[in-house]
Each structure stands twice: as structure tokens, then as C-alpha cells.
Amino acid sequence: MKPFAKFVSLSIVAGFLSASVALAADRAEKLPATDQRAGPPKTLNTLRAFPEIKSKKEWQQRAGEVREQVLISCGLWPLPERSPLHTQISGRGERDGYSVEKVHFQTYPGVYLAGNLYRPVGQGNGPFPGVLNPHGHWKEGRMADTPVGSIAARCINFARQGMVAFSYDMVGYNDTAQFTHQFANHPTNQLWNISLMGLQTWNSLRALDFLESLADVDKSRLACTGESGGGTQTFMLGAIDDRLAAQAPCVMVSHSMQGGCLCENAPGLRVRHSNMELAAAAAPRPQMLVAATGDWTKQTLTVEGPAVASAYRWFGAEAKLRYVRFDYEHNYNQTSREAVYAWFGRWLLRQPDAPARKEIPYVKEPDAALRVWPDKQLPADALTETEFCAWLVKQSQAQLAALRPHDQASLAKFKAALEPAWRHTLQVEFPPQNILSEVIATKDIAGGKMSRLALGRAGRGDRVPATLLTPARAGGKWLAVLAHPLGRAAYVDDAGGAKGLAKALLARGGTVLVVDVFLTGDAANETAAAGRKFFSNYFSTYNRTDAQERAQDLITACAYARGEAKARRVVLCGEGRAGLWAMLAAPAADAVVADGDAADLTGDATWLAGDLFTPGLRKLGGMETAAALATPHPLLVHRAGAGFSTELLRGSYQAAKAEKNLRVETGTLSDADVAAWVAR
């Protein structure tokens with residue numbers, strides 16, 4: 001199967017995944033006393049646990065989620081067009097049992113990747129297995145040749161064993177120095193999911209395209225192996241591309257340290273997942289994990305290996321996973337390489353299984369002989385970083401424009417492609433079916449009843465303060481979930497009585513649920529807020545931003561309203577900045593009223609603000625795409641600010657023949673006007 005062919009169908013199933021991958025909701029379970037999400041942020045060194053999986057189907061769904069998260073975090077959803085590689089191979093030299101050549105090609109138009117190709121000599125014309133060889137953060141890159149690690153050693157030996165081996169640069173190393181290894185390290189790029197890790201993952205995909213294109217390579221016997229950062233590239237590729245027949249990530253699959261470089265930390269990647277899951281997503285394809293006692297993989301025999309093995313067990317494929325540990329520091333030395341030679345020999349060359357295969361002595365070519373551009377002069381059409389980032393933004397905009405609905409069929413296609421992007425960009429569980437609630441106090445108030453509650457999800461550590469206002473003559477037909485940047489104080493007075501929009505809605509006979517979403521109202525926590533530094537220490541790789549947490553809280557509140565509160569229709573209303581949060585959570589409600597907060601959405605400043613910042617949000621299409629995913633549910637937007645686009649929204653509602661359900665106003669509507677629209 002070609003890569004990604006199965007992801008669209010998986011994405012539809014994955015929309016309902018949260019219940020199956022979350023901890024089972026035990027009604028005896030209680031909410032935590034405080035919101036655990038307000039604790040210290042997770043980091044790359046936070047210890048990770050492998051999820052408890054109860055069936056093969058559950059793991060397959062989880063693996064589908066992992067694949068989607070990798071692609072979306074790396075800015076590769078929807079998948080970019082595979083432009084022509086324009087491959088150039090030159091400088092062939094024959095040695096004892098192998099040849100070596102210089103290679104460069106374009107992974108995107110005007111973006112170059114370079115490396116060296118090693119082929120068998122004297123073993124016929126093939127086709128041979130093909131092995132990709134990404135390197136780690138050795139200062140010499142693919143030229144590294146020391147007792148600790150040698151890229152040339154494994155490539156030469158693979159070729160002598162009867163395999164075609166391709167070693168290629170990390171971004172910023174040796175010939176691939178078009179951009180530095182700090183590529184795209186600016187907050188604005190996070191809004192578009194443009195990252196160093198995304199570029200390197202795409203480079204690995206295109207390197208596999210290159211290897212597959214060679215006449216002497218067997219397309220059914222492709223593999224990848226690399227160490228450290230190259231190990232990350234190996235399991236990232238294995239998680240998203242099922243063309244790999246085998247893989248061997250070395251000294252990187254860990255439950256502790258997850259990767260200490262930009263090229264290993266894309267926003268959103270490890271909020272819910274770890275390197276163990278990324279590696280396990282390749283199951284049941286053959287894989288070897290190589291570990292060392294002197295680095296963060298030292299517990300592989302007791303922690304990481306058995307964890308990954310649990311995924312293979314669902315396929316009855318335990319024999320296709322091997323994990324080994326050697327008594328060295330961080331390395332890909334001869335001992336480690338010999339273990340991988342034997343593993344690839346078994347699965348790629350169909351040779352008898354063995355714990356190791358001896359390395360044949362080798363002589364690495366001089367660096368100058370391996371360099372593609374020794375004078376560092378890249379082709380004239382090579383883009384600068386600024387030009388390339390601007391090009392990627394335009395490509396994202398073009399992809400979104402191509403998905404714009406114009407009829408029922410294109411609306412369905414739009415939702416199938418962008419619903420997964422919405423879930424993974426917002427990092428939300430949808431729909432959450434593991435809701436917990438706690439009644440704190442109940443009392444009668446003028447015209448009805450007030451209940452103070454706390455809401456959350458089993459096993460998630462969240463605690464959302466809420467107030468449920470029920471009129472004496474509630475018809476039970478609809479319930480409005482209200483959110484405000486100031487929290488419940490905007491709608492409930494000190495005596496527990498309703499005010500503002502809450503009062504107007506109660507007068508219309510509706511039930512009102514008011515929530516203090518993450519770090520607002522009674523949930524405000526200045527210490528926690530001060531510790532949430534979105535643009536340092538890879539925060540967004542491991543943690544949800546405030547906007548993401550608030551969108552989840554609104555989704556959780558809607559699920560509670562529809563479930564335990566038994567509302568027939570749930571209307572989500574947000575005022576001020578919370579109107580934009582409500583739009584982000586729109587698919588969770590039956591109708592939405594969103595205050596546009598008069599926000600200027602034409603520049604980056606609004607998108608980078610702490611109460612709205614969400615990696616990938618601009619690539620997704622912002623609030624407009626999130627709201628369009630809820631088509632044809634009624635949507636009222638008022639106080640729409642500068643640059644608030646409605647083209648996608650209007651097109652979506654027209655495609656659904658539901659134009660009457662969409663209303664957009666630039667002015668501010670009164671509470672009475674909003675209540676009348678909700679109750680219509």
C-alpha cells in the first residue's frame with residue numbers, strides 16, 4: 001500500500017476514538033480536588049507511560065491517531081504534492097564489492113537534499129533491498145566515522161551484503177546547508193505548522209521516494225535505520241509510511257528523554273503520545289530497537305521494549321520485534337551495527353536469523369570525495385528560508401481553497417479531510433464520553449434552581465468549575481453553555497442569581513450551564529499562568545496551550561449538557577474572547593453564538609496572543625474552518641472584527657442548503673437579541 005492511502009478512512013473512525021483510547025469512565029471515579037492541568041508543564045524529560053490497550057481494534061485506532069498526529073504536527077496534512085525530484089547522480093567510484101556516488105534532488109521545488117548512494121558491485125543487477133540511513137547530531141553529520149558511530153561503515157557493509165544504501169544529510173549539515181539547523185524557529189511559523197522536524201520528516205519521505213525510484217531497488221524491501229536524531233527520523237518515517245519493510249531506530253526510543261532538538265520536537269507531537277508509541281505505530285512490520293546502558297534508552301529491556309512489544313502482540317507478530325541493549329555510551333558503533341545487519345539480513349535478504357553479523361573492514365572515502373557541493377554553492381534556484389516559508393504558507397492556503405465546499409459531496413470531502421486536522425490541531429478529545437461530574441451545592445433562587453458543579457473527564461486530571469441554572473418551568477428542549485473570559489462572575493451574582501445573557505436566556509425558558517474554562521474565573525491561577533511559557537522548552541510539543549484547554553473544556557461542557565443534563569439541543573455561547581474559543585469548539589454543539597471580539601485577524605499579533613495561540617491554527621483556517629465543520633448547525637457571529645473572513649462559512653452553508661442557519665453581524669447584539677435567536 002502506498003503511504004497515506006488509508007488515512008482518510010481512518011480519520012473518520014478516529015473522530016470517535018476518544019472513548020476507546022481513554023481510560024474507561026468508572027462512575028465511582030472522582031474528580032481531582034484541583035485542576036491537575038494547572039501543574040508544572042511537561043517537558044522532553046517527563047517520564048512517559050505506554051497506554052493501556054485492551055484489544056487489537058483499539059490499538060489500530062490508536063496507531064491511526066498517532067499517524068494523524070505526526071502528519072498534522074509536521075504540517076503534512078493534507079499531504080503536499082510530490083513534485084518532481086529532478087534527481088542528479090554523479091561521481092561514481094567502484095570499490096571492493098560496492099560503488100559510491102553523489103546524489104542530490106529537490107524535496108520541494110527549490111529545496112535540496114544531498115547524500116551518497118552505495119550500491120552492490122559484482123552481485124548482478126538486483127533488484128536489491130534499499131536502506132535509508134539518516135544520521136544523528138554528530139558534528140560531522142553523514143561524514144562521521146569514529147568508533148562511536150560511522151555512517152559510511154554501515155552503508156558500505158549494507159552494499160557489500162547486497163543492499164542499496166543511501167545516506168542523507170540533516171537540514172543544515174554538510175551539503176544540505178541551504179537552511180540552518182534552526183530552520184523556522186519563530187513563533188509565527190508554529191501557526192502554520194512549519195518546523196524543522198516537519199521539513200526533515202518530508203525529506204525522509206522524499207528520500208524514500210528516491211530510493212524506490214531506482215531500477216536496481218526492490219520496492220517491497222525498503223528499510224530505514226539511524227541513530228539518535230537519525231533514530232527519531234527512522235521511527236517518524238515508520239509511523240507514517242507503510243512502504244518500510246523493516247526499521248531499526250537506535251538509541252532514541254525512550255520513555256524518558258524524547259529528543260533535545262528542534263528537529264525532534266514539532267508542536268503537538270507528544271501532548272498525548274511518546275516515542276514508544278511513535279515506534280509502535282509500525283507494528284506489525286519488522287523492527288529492531290537498539291539501546292545503550294549509557295543513555296536514556298538504558299531501560300529498554302524492561303520498559304520500552306516490552307511496551308512496544310505489547311502492540312506487536314495484538315498481531316501475533318512478536319517475532320517481528322527485537323530489542324537489544326549494549327553496554328556503551330550513546331552510540332551506533334560496530335556492535336550495534338552488527339546486530340542491525342543480522343536483523344535486516346533476516347527480513348530483507350531472507351537469510352537465517354542470527355543475533356549479529358560481522359562487519360567487514362572498510363575504508364571511508366575522504367570527505368571531499370563524498371561532498372556534492374564542496375564549494376558550498378547550491379543550484380541557482382535554491383530558495384532562502386524566508387522565501388521557502390512564504391511558499392509553504394501559500395501552499396497551505398491553496399490546499400484549503402481547493403477543499404472549499406460547493407456542494408454536498410465536496411462538503412463531505414472537506415469534513416473528512418479537516419475534521420482530523422481540527423481535532424489534532426486543537427488537541428481535543430471529541431466526542432468525550434468519559435465525563436465526570438460533582439455536585440457541590442444546590443439551592444433555590446428566584447425563578448428556579450442553581451447548582452454549583454465541577455466537570456471533568458475520567459483519567460485526565462481536569463476540573464472545570466460550573467454553575468447550572470434551571471428555570472422553574474424548564475421545558476428541557478435546549479440548554480445554553482456560556483463562557484466568558486471573566487468566568488462565571490459575568491453571569492452569576494454573589495447570591496447565585498443570573499445576570500446578563502444568562503438571565504435573558506432563563507427568561508426564554510432555557511437551562512443555562514456557565515463554566516469557568518481553564519485558568520479563568522474561579523479556575524484562575526496566576527502562578528500556573530506565569531509558568532506556561534508557550535515559546536520556550538518545546539512547550540507546545542508536550543502541552544496544550546490555554547486556547548486548546550479552553551476549547552476542550554467547552555467540548556466537555558457540551559458533552560455533559562447532552563448526556564447527564566439530558567438537553568435535547570445544546571447551544572454554545574461565548575462572549576468577548578470566549579466567542580473565539582466557542583468557534584473553535586463549534587463541532588461539539590447543536591448551535592453556536594460567537595462574539596467575534598472585534599478581533600483583527602489580518603495579522604499575526606492576534607493569533608500569537610496567549611489566550612488564542614494554537615500551533616497550526618492558521619494552517620487549519622482558523623475559527624472559520626472549525627465553525628464550518630459544524631455545518632449545517634445554526635451559527636450566529638456578531639461583533640465580527642477586521643479580516644473576519646466568511647467566504648468558507650458561506651460556501652459551506654450554501655453547499656448544505658442551510659444558508660438561513662448562518663448569520664454574521666459586524667455590530668454587537670444585545671443579550672435580548674441573542675436570547676431570542678437561541679430560543680427561536
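The values are calculated or read from the model by the stated rules, or taken from the named source; none is laboratory data. Bear in mind that the values here come from a model prediction, so they are computed numbers and not experimental data. Neighbour counts are summed over all protein chains in view; Cβ atoms, including those assigned to glycine, are modelled from backbone coordinates with ideal geometry. Heads up: the accessible areas ignore ligands, DNA and RNA and are worked out on the full protein's heavy atoms, side chains in. Shrake-Rupley method; radii C 1.70, N 1.55, O 1.52, S 1.80 Å.
Pairing each residue of the stretch 657-672 that is closer than 30 Å to residue 409 by Cβ with any residue that is part of a loop (DSSP other than H, G, I, E, B) and among the hydroxyl-bearing types (Ser, Thr, Tyr), provided the two are 6+ apart or on different chains, yields C-beta distances under 7 Å for 658/631; 664/646. Would you be able to say whether some residue in the stretch 342-349 is open to solvent by 50 Å² or more (accessible area, probe 1.4 Å) and either under 18 Å from residue 110 (Cα atoms) or over 35 Å from the mean Cα position of the chain (by Cα) (or both)? No: zero hits. Remark: pairs (first residue in the stretch 334-359, closer than 19 Å to residue 127 by Cβ; second residue open to solvent by 20 Å² or more (accessible area, probe 1.4 Å) and in a loop (DSSP other than H, G, I, E, B); Cβ separation under 7 Å; 6+ apart in sequence or on different chains) = 345/351; 345/357; 346/353.
Taking the condition surrounded by fewer than 24 Cβ atoms within 10 Å (Cβ to Cβ), in a helix (DSSP H, G or I) and at pLDDT 95 or above, does residue 581 pass? No. For the stretch 360-369, the set of residues classified as among the acidic types (Asp, Glu) and part of a helix (DSSP H, G or I) consists of 367 only.
Within the stretch 544-562, take every residue that is part of a helix (DSSP H, G or I) and among the polar types (S, T, N, Q) and give me the one that is surrounded by the fewest Cβ atoms within 10 Å (Cβ to Cβ). The qualifying residue surrounded by the fewest Cβ atoms within 10 Å (Cβ to Cβ) is 548.
Evaluating residue 72 against the criteria (1) assigned to a helix (DSSP H, G or I); (2) over 27 Å from residue 392 (Cβ atoms); (3) among the hydrophobic types (A, V, I, L, M, F, W, C) leaves one unmet condition, (2). Is it true that residue 58 is within 25 Å of residue 425 (Cβ to Cβ) and either without any contact (Cβ under 8 Å) to a residue 40 or more places away in the chain or open to solvent by 30 Å² or more (accessible area, probe 1.4 Å) (or both)? Yes. Scanning the stretch 350-367 for residues that are more than 18 Å from residue 135 (Cβ to Cβ) and open to solvent by 40 Å² or more (accessible area, probe 1.4 Å) returns 350, 351, 352, 353, 355, 356, 357, 358, 360, 361, 363.
Taking the listed residues 182, 190, 200, 161, the one that is touching a Leu at 6+ places or on another chain (Cβ under 8 Å) and surrounded by 22 or more Cβ atoms within 10 Å (Cβ to Cβ) is 161, with no other qualifying. Within the stretch 642-664, the presence of at least one residue that is assigned to a loop (DSSP other than H, G, I, E, B), out of contact with any His (no Cβ under 7 Å at 6 or more places or on another chain) and open to solvent by 60 Å² or more (accessible area, probe 1.4 Å) is confirmed. Would you please name the residue that is least open to solvent (accessible area, probe 1.4 Å), looking only at residues in the stretch 402-431 that are within 16 Å of residue 653 (Cβ to Cβ) and of a type in the set (S, T, N, Q)? Top of the filtered list is 410.
In the set (1) surrounded by 21 or more Cβ atoms within 10 Å (Cβ to Cβ); (2) touching a Ser or Thr at 6+ places or on another chain (Cβ under 7 Å), the condition left unmet by residue 439 is number (1). Just the residues that are under 21 Å from residue 63 (Cα atoms), buried (at least 17 other Cβ atoms within 10 Å of the Cβ), without any contact (Cβ under 8 Å) to a residue 60 or more places away in the chain and of a type in the set (A, V, I, L, M), please, taken from the stretch 309-333. 309, 321, listed by residue number. The set of residues in the stretch 295-308 being under 26 Å from residue 73 (Cα atoms), open to solvent by 10 Å² or more (accessible area, probe 1.4 Å) and in contact with a strand residue (DSSP E or B) (Cβ under 7 Å, 6 or more places away or on another chain) is empty.
For the structure I just gave you, tell me whether residue 20 is modelled with pLDDT under 95 and closer than 18 Å to residue 425 by Cα. Show your work before the answer.
Working: modelled with pLDDT under 95: yes; closer than 18 Å to residue 425 by Cα: no.
Judged against the criteria, residue 20 is not a match.
Scanning the stretch 275-294 for residues that are farther than 18 Å from residue 58 by Cβ, open to solvent by 10 Å² or more (accessible area, probe 1.4 Å) and not hydroxyl-bearing (Ser, Thr, Tyr) yields 285, 286, 294. Contact map, the stretch 242-256: residues that are without any contact (Cβ under 8 Å) to a residue 60 or more places away in the chain paired with residues that are open to solvent by 10 Å² or more (accessible area, probe 1.4 Å), Cβ distance under 8 Å, separation 6+ or inter-chain. Pairs shown: 244/285; 247/285; 247/286; 252/228; 254/296. Evaluate the following for residue 599: is it aliphatic (A, V, I, L, M), open to solvent by less than 10 Å² (accessible area, probe 1.4 Å) and in a loop (DSSP other than H, G, I, E, B)? Yes, satisfied. Looking across the stretch 164-176, just one residue is in a loop (DSSP other than H, G, I, E, B), open to solvent by 10 Å² or more (accessible area, probe 1.4 Å) and either more than 19 Å from residue 392 (Cα to Cα) or of a type in the set (Phe, Trp, Tyr) (or both), and that is 174.
Yes/no matrix, rows are residues, columns are (1) under 22 Å from the mean Cα position of the chain (by Cα); (2) surrounded by fewer than 21 Cβ atoms within 10 Å (Cβ to Cβ); (3) within 27 Å of residue 174 (Cα to Cα):
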residue: 34; (1), (2), (3): no, yes, no
residue: 47; (1), (2), (3): yes, yes, no
residue: 76; (1), (2), (3): yes, yes, yes
residue: 87; (1), (2), (3): no, yes, yes
residue: 93; (1), (2), (3): no, yes, yes
residue: 96; (1), (2), (3): no, yes, yes
residue: 116; (1), (2), (3): no, no, yes
residue: 135; (1), (2), (3): no, no, yes
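Looking at the structure I just gave you, is residue 527 within 22 Å of residue 543 (Cβ to Cβ), under 38 Å from the mean Cα position of the chain (by Cα) and touching a residue at least 24 places away in the same chain (Cβ under 8 Å)? Judged against the criteria, residue 527 is not a match. Apart from one condition, residue 272 fits all of (1) at positive phi; (2) of a type outside the set (A, V, I, L, M); (3) open to solvent by 10 Å² or more (accessible area, probe 1.4 Å); the exception is (1).
Taken as a whole, the condition of being in a helix (DSSP H, G or I) and either of a type in the set (A, V, I, L, M) or within 27 Å of the chain's Cα centre (by Cα) (or both) applies to residue 64.
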